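To keep things clear, I will list the structure first and then write my remarks on it.
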Ligand SMILES: [Fe+2]
C-alpha cells in the first residue's frame, strides 16, 4: 500500500487501511472502493491523507505500533480523564514497545480535525515512550512517561475551540490564553498524589525551550525536566506532521529537518538524536519525488543511510539508492503525490524545503 495526501485521492481508489472517525468507530473499511461522496467527506473531516491499495504497492506492508483496540482505549481514557484506565493502557503500550523486534515509526496516523487532541496525545505518549526506551529508561519510568504524554495537553480542552482552531494569526491575547494550557494540565493532575514529580514537571514544562524562550516559566537547558524535553520534541514532531485548520501537514522529512534546525535552541540535542534513530526520514509507503523528476514509493529503508532508501518506480522497478555505482547522482527531493513532476515543481519543492530549514 501507499500513503496519499488527501488532495491526490480520487474516487475508485481502494482503501489500504481502516479509517476511523473522531469516536474511534470505523468510518471506511480496508478494501472498500472510494466513491466521490467518500472522498468529499474525508476532505471535509480534515484527513491529511489515507493509505491506498494498488497493484504496484501490494507487497508494501505498513503496521501501526499499536493495535486499533489499544489506540481506542488510550483515546477513551484521555477523553474521560480516567487515570486508572490510562495506567493500564500505558502498561500495554510499554509492553508492546519493549517486546517489538524492531521499532520504526512508519505508520502515518490518520487524524481528523475533531479527533486531533486525543489522537495527538496518544501519538505523543507512544513516541515519547519509544524515545525513553532509546534512552534506557526502566519499564516503570516508561509507564510514567507514557502517562505524561497522554495527559500533557489536557489543559487545552479548556481553551476555546475558536482560538485553538483559528485559521489566521493569533492575537497576543489569544496566544497568552494558549500559553496557559501546560499550567492547566498540571493543575488537573495536582491532587493525584500517586503521580511522580517527573510526570508533573513533564506536563508543566513541555513547551519550555533550551534557550529559555519557551513557556510557562522560560526555563533553560539543565533546569528542564527530562520528561518535558522528550515530550517537547515528540509533541512538535506530531503537530508538524498533522494537518490543522491553519496549516498543511509537513512531510516527515521536513518535520525532522525542523527538529534538527532547532537543536540546542529549542530542543535537547540528545533527545533529537535518539528520536531520529526511530523515525525514518522517508517512511514506507510514502510517495517521493526524485531529483530526475520521476516519482516513486518507498519500499524499505536502508540501515546504511536513512536518506537513501529503496524506491519503487511506476514501472515496478525497485531502485536501491545505496547503489552508488548506478545512482550516485540521484537523490530524493521531497514527498510527492503524482507520478511525474515538472522542473517547476522540483524547483518549487526545493525552495519550500529551504524555507523550512531556514525557518
Ligand atoms: Fe502543549
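The values are calculated or read from the model by the stated rules, or taken from the named source; none is laboratory data. If you're wondering where the values come from, they're calculated on a predicted model, not measured in any experiment. Positions of Cβ are generated from backbone atoms using ideal geometry, with glycine treated the same way; all protein chains shown enter the neighbour counts.
Considering (1) within 14 Å of the ligand (Cβ to nearest atom); (2) within 18 Å of the chain's Cα centre (by Cα); (3) over 16 Å from residue 132 (Cβ atoms); (4) not in a helix (DSSP H, G or I), the lone condition that residue 281 does not fulfil carries the number (1). Applying the criterion of being surrounded by 15 or more Cβ atoms within 10 Å (Cβ to Cβ) and in a loop (DSSP other than H, G, I, E, B) to the residues of region 176-195, the residue that is nearest to the ligand (Cβ to nearest atom) is 180. Scanning region 159-175 turns up no residue that is within 20 Å of residue 73 (Cβ to Cβ) and assigned by TED's automatic domain parsing to the domain that holds residue 77. At least 2 residues being over 21 Å from residue 151 (Cα atoms) and over 17 Å from the mean Cα position of the chain (by Cα) is the threshold, and among the helices (runs of 4 or more DSSP H) wholly inside region 1-116 those reaching it are 36-45, 83-99.
Of all the numbered requirements in (1) crowded, with 18+ Cβ neighbours inside 10 Å; (2) modelled with pLDDT under 90; (3) touching a strand residue (DSSP E or B) at 6+ places or on another chain (Cβ under 9 Å), residue 307 misses one, and that requirement is (1). Taking the conditions (1) surrounded by fewer than 17 Cβ atoms within 10 Å (Cβ to Cβ); (2) at pLDDT below 90; (3) within 23 Å of residue 296 (Cβ to Cβ) in turn, residue 62 satisfies each one other than (1). When we screen 173, 162 for residues that are at pLDDT below 90 and either assigned to a helix (DSSP H, G or I) or within 14 Å of the ligand (Cβ to nearest atom) (or both), the only hit is 162. Tell me whether region 237-251 contains one or more residues that are outside any helix (DSSP H, G or I), assigned by TED's automatic domain parsing to the domain that holds residue 131, within 16 Å of the ligand (Cβ to nearest atom) and crowded, with 20+ Cβ neighbours inside 10 Å. Yes, there is a match, as at least one residue in region 237-251 is outside any helix (DSSP H, G or I), assigned by TED's automatic domain parsing to the domain that holds residue 131, within 16 Å of the ligand (Cβ to nearest atom) and crowded, with 20+ Cβ neighbours inside 10 Å. In this entry, residue 152 is excluded by the filter for residues that are within 16 Å of the ligand (Cβ to nearest atom) and closer than 30 Å to residue 296 by Cα. Among the residues that make up region 26-45, is at least one of them touching a residue at least 60 places away in the same chain (Cβ under 8 Å) and buried (at least 16 other Cβ atoms within 10 Å of the Cβ)? There is at least one residue in region 26-45 that is touching a residue at least 60 places away in the same chain (Cβ under 8 Å) and buried (at least 16 other Cβ atoms within 10 Å of the Cβ).
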